[in-house]
Each structure stands twice: as C-alpha cells, then as structure tokens.
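Engineer: Pasting a structure below so you can have a look.
The values are calculated or read from the model by the stated rules, or taken from the named source; none is laboratory data. Source: prediction; values computed, not measured. With ideal geometry, Cβ positions are generated from the backbone for all residues, glycine too; neighbour counts draw on all protein chains shown. The area values use the complete protein model at the heavy-atom level, side chains included, leaving out ligands, DNA and RNA. Shrake-Rupley method; radii C 1.70, N 1.55, O 1.52, S 1.80 Å.
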Amino acid sequence: VGQDLSMRPLTRVFNLEEWREEELGDFVRKKQKLQLDIAKAKKAKREASRLDLARYYFSLGFAAETKAVLRLVEEDRPAIKDDPEFRAMRGASNFLMGRFGEAASDLGDASLNGNDEADFWRAALSAEAGNLAGAASTLKRTGGVIRPYPKALKMPLGLLVTNAAIAVGDIKQAAHQLEVLGIERPTPAQASQLAYAQGRLAELSGNFDEAVAKWEEVEDGTHRPSRAKATVARTELLLKLRNITPAEAIDELEKLRFAWRGDDF
C-alpha cells in the first residue's frame, strides 16, 4: 500500500522558525551581533557564522543581503554549492528578487529532489511565471511549509498560494489561506492585497455584492498596484452584470492611465 502523502510530515530544507521576528525594532542589534560573531570566529568556524547571518537576512526577506553573504561563503569554499540549504536559500533569494532564471537553476538542483519545501519553492516559481493552474496542486500539498515562516516571507508566498487556488476554483483552499494570512497583522499594503484576493474569492463564490464592496475598499487604500487591479476587476464584473454600460466601463478604465503605468498589467 502506498503512503498517503497528505498524512506524513512535510520535509524541509530551512529552519526559519528560530529566526522568526515579528518586528524590526531589534534588527540593528541582532545584525551587529551576528557580524561580530563572524569577525571573532576562527577560520574553521567562519562559514557557520556567515550562514547564520544569511539565514537571519533571509528570514526578513532581505534577499539581496542574503545573496551577498552566500557569495562570500562560496568564495571561501566553492563546494558549498552542493549543499541543499545553500542551493535553496540562494534560489529562493533570487526568486524574491525576481531573478527567475537564476532561481530556477538553483531550485532545480538534484540535491533538492524529493524535498517538500523545495517542491513548494519550485511550484511558486512556476506560478510566478504564469502557470498558476499547473502549480496549484503542488502549492496546496506543500503549502503547509510556510506556516512557521516569518511574515516577510509568509505574506507574499501565502498570497501566491491563494491566487493559485482561486485560478483553479479551489474556494476552500483560498479561504483557508486568507484566514491564515489575516491573523499575521498585515501592513496596510498587505491588507489591500488580501482584500483584493478576498474580492476575487467572493466573485468566484457568486457573492458579487461582497466582491464589489471589497474592491471598492481596496480602491480607497494606498497600495497602488492593488488599487489598479481592483478597479479593473470591479469594472469588469459590473459590466458583466450589466450594472454599467460599456461607455461607463471605458471611462473607468481610461482613468487608469493616470493611476498605474508600466508592466504587463
């Protein structure tokens, strides 16, 4: 009888829970302590101290700083590139920086095969590349790996899982993710992103009035990308419901020339 993958513990690469820090108020002191540990360490122990600093940066979502430290580690010991955690941390950092080609190279390394956390990041990469539907099942199976993640990582990754679930019509999974993210004390910008996703979920569930209300809430917020997406979503829904005319929809969309510029959207 084969093992039920949904019942076994998820395998991990990172141990981010010990670095979890909700606020940055103590950041300077903690960073300086880790840097001092590196300076004081003998050569044989310097790598371990540097990796601790890299882990701390990574837990805060400081991808560029993480990569800078990892670069020094690799310069001193090139063989570190064969270590699964090193590969995963560098690949995930490239993912967070939008360097998806470099991320794919690291996250696709054979040393990470068979690891659930690595599978999650690979699926996140696929979803970010536009294959939300294709990545949805893996994100659902492995999404539990982000539960102990610090908020800086948990929020963007949780939203990615939510959007993938919505893309395949998985209302239960999307609602669960939004509930989990909602208790993480989101910033105003993150709250707007959550509200936009809540609007999409409401539309998927057939709660059109709630969807419009959520998107209007987002439009009153300060997160410009979410405001622009909410305007488009609200306008398209109202047009589909024939609550506005095509001319009124055009007028709404025309205003976005001044609200949002650039990128594919």
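Engineer: Return the residues of the range 80-91 that are free of Cβ contacts under 8 Å to residues at least 60 places away in the same chain and either under 15 Å from GLU117 (Cα atoms) or part of a loop (DSSP other than H, G, I, E, B) (or both); say none if nothing qualifies.
Structural biologist: Selection gives ASP83, PHE86, ARG87, ARG90, GLY91.
Engineer: Of the numbered conditions (1) in contact with a Leu (Cβ under 7 Å, 6 or more places away or on another chain); (2) within 28 Å of ALA124 (Cβ to Cβ); (3) part of a helix (DSSP H, G or I), GLY169 fails exactly one; give the number of that condition.
Structural biologist: (3)
Engineer: Residues of the range 63-73 being in contact with a helix residue (DSSP H, G or I) (Cβ under 8 Å, 6 or more places away or on another chain) and open to solvent by 50 Å² or more (accessible area, probe 1.4 Å), which ones?
Structural biologist: ALA64, GLU65, LEU72
Engineer: Could you grab me the full set of residues in the range 127-151 that are in contact with a Phe, Trp or Tyr (Cβ under 9 Å, 6 or more places away or on another chain), surrounded by 19 or more Cβ atoms within 10 Å (Cβ to Cβ) and not hydroxyl-bearing (Ser, Thr, Tyr)?
Structural biologist: Correct list: LEU139, GLY143, VAL145, ILE146, PRO150.
Engineer: Inside the range 181-220, can you point out the residues that are open to solvent by 20 Å² or more (accessible area, probe 1.4 Å), under 17 Å from PHE265 (Cβ atoms) and in contact (Cβ under 8 Å) with a residue 24 or more places away in the chain?
Structural biologist: Residues satisfying the conditions are ALA189, GLN193, TYR196, ARG200.
Engineer: Which residue pairs have Cβ atoms under 7 Å apart, sit 6 or more places apart or on different chains, and have a first residue in the range 26-48 that is within 23 Å of ARG77 (Cβ to Cβ) and of a type in the set (A, V, I, L, M) and a second that is in a helix (DSSP H, G or I) and at pLDDT 90 or above?
Structural biologist: LEU34/ASP52; LEU34/LEU53; LEU34/TYR56; ILE38/ARG46; ILE38/SER49; ILE38/ARG50; ILE38/LEU53; ALA41/SER49
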